[in-house]
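Asks: Have a look at this one before I ask anything.
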Amino acid sequence: MKPLPALFLLLASLAGHAETPQQIGQIYATEAAARQAGFTPSAKRGEAFFRQRFGHNDKMPACTSCHTDSPLNTGQHAVTGKSIRPLAIATNGERFSDPAKVEKWFGRNCKEVVGRACTAGEKADFAAYMSEVR
Amino acid sequence: MKLVALPLLLGIALPALADRLPLPADTPASYTAECGSCHLAYPPALLAAGDWQRLMAGLNEHFGTDAAVDGKKGAEIKTFLERHAGNAAKLGSAGEPPRISTTARFVRKHREVPTQLWRDPRVKSAANCEACHRGAGDGRYSEHDSALPELKR
């Protein structure tokens with residue numbers, strides 16, 4: 001029964017509609033719960049992940065390499081120097097509103113910084129932290 | 001009077017025109033979204049068609065990053081870049097892998113920029129046009145509007 005809401009949300013997202021950060025977080029949380037019974041997203045775990053030094057990439061060992069120590073801040077690309085708008089919903093309301101865009105950047109940045117694909121649970125935690133951080 | 005004024009006006013207007021490199025009106029949204037997230041969505045005229053082709057063919061290893069774009073978007077971006085590419089003879093070689101900042105045109109235009117300024121934390125890289133050309137996002141590259149006080153003139 002559990003995969004059904006996830007499938008519904010995924011289909012809704014594929015139609016290209018704008019979503020709320022809560023809805024996007026819920027897509028990942030539902031997927032994570034399907035694999036790990038009782039999973040609930042944790043902003044605290046999301047923050048720990050944001051600050052973790054993965055060390056996979058010399059130029060960008062952690063999320064903070066480009067996004068600074070606070071997701072509320074404007075970041076700067078560690079290689080190109082380009083300004084990056086804040087990750088936190090509190091200071092950038094456009095974040096976590098387009099599921100395809102969110103999935104694209106988790107895909108690219110997890111591979112590049114973490115060195116592997118992120119799990120649905122890590123994505124749900126990350127989204128929770130970005131929604132809640134003030 | 002008019003005969004004298006015209007070349008004079010052209011002399012003033014032409015350098016200003018050369019500083020204007022806005023993105024073409026038919027720039028696809030995929031170009032600004034896919035290419036303009038990590039660096040400025042560069043004006044296609046800054047590289048020759050052959051260089052854009054080689055660059056697009058190697059996106060999975062794009063200056064140390066996997067910047068691969070899916071098929072349909074990639075084809076759209078490649079066609080757009082080829083259509084508006086610059087003149088290879090005027091730009092000069094972009095090297096391998098092709099870099100805008102390697103072309104003779106870029107080097108000549110930036111010959112007055114001190115070497116240490118390229119490494120400045122505010123700049124980080126020659127890829128960061130907006131560090132100095134604050135209007136670059138709108139296609140304005142005038143040297144008279146530098147964001148860095150050291151380059152004010």
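Asks: Can you tell me which residues in segment A:55-85 are of a type in the set (G, A, S), surrounded by fewer than 19 Cβ atoms within 10 Å (Cβ to Cβ) and away from chain B (no Cβ under 12 Å)?
Replies: A:G55, A:S70, listed by residue number.
Asks: Let me ask something else. Tell me which residues, restricted to segment B:121-141, are among the charged types (D, E, K, R) and more than 16 Å from B:K152 (Cα to Cα).
Replies: Those that are among the charged types (D, E, K, R) and more than 16 Å from B:K152 (Cα to Cα): B:K124, B:D138.
Asks: Still on this structure: Take the residues in segment B:110-130 that are more than 13 Å from the chain's Cα centre (by Cα) and in a helix (DSSP H, G or I), then tell me which one is nearest to the other protein chains (Cβ to nearest Cβ).
Replies: B:W118
Asks: Here is a follow-up. Among (1) part of a helix (DSSP H, G or I); (2) within 14 Å of chain B (Cβ to nearest Cβ), there is one condition A:Y28 misses while meeting the rest; what is its number?
Replies: For A:Y28, the failing item is (2).
Asks: For segment A:88-102, state whether one or more residues are away from chain B (no Cβ under 13 Å), within 13 Å of A:A127 (Cβ to Cβ) and aromatic (F, W, Y).
Replies: The answer is yes; a qualifying residue exists.
Asks: Another question, then. Anything in segment A:103-119 that is among the acidic types (D, E) and at the interface with another protein chain (Cβ under 10 Å from one of its Cβ atoms)? List them, or say none.
Replies: If the condition is that a residue be among the acidic types (D, E) and at the interface with another protein chain (Cβ under 10 Å from one of its Cβ atoms), then A:E112 is the only one that fits.
Asks: Which one of the conditions (1) at pLDDT 95 or above; (2) surrounded by 12 or more Cβ atoms within 10 Å (Cβ to Cβ) does B:N87 fail to meet, given that it meets all the rest?
Replies: All conditions are met except number (2).
Asks: Here is a further query. B:Y42 is checked against (1) at pLDDT 95 or above; (2) more than 14 Å from every other protein chain (Cβ to nearest Cβ) and fails just one. What number does that condition carry?
Replies: Only one criterion is unmet by B:Y42, namely (2).
The values are calculated or read from the model by the stated rules, or taken from the named source; none is laboratory data. This is a predicted model, so every value here is computed, not measured. Cβ coordinates were reconstructed from backbone atoms using ideal geometry, including for glycine residues, and neighbour counts include every protein chain displayed.
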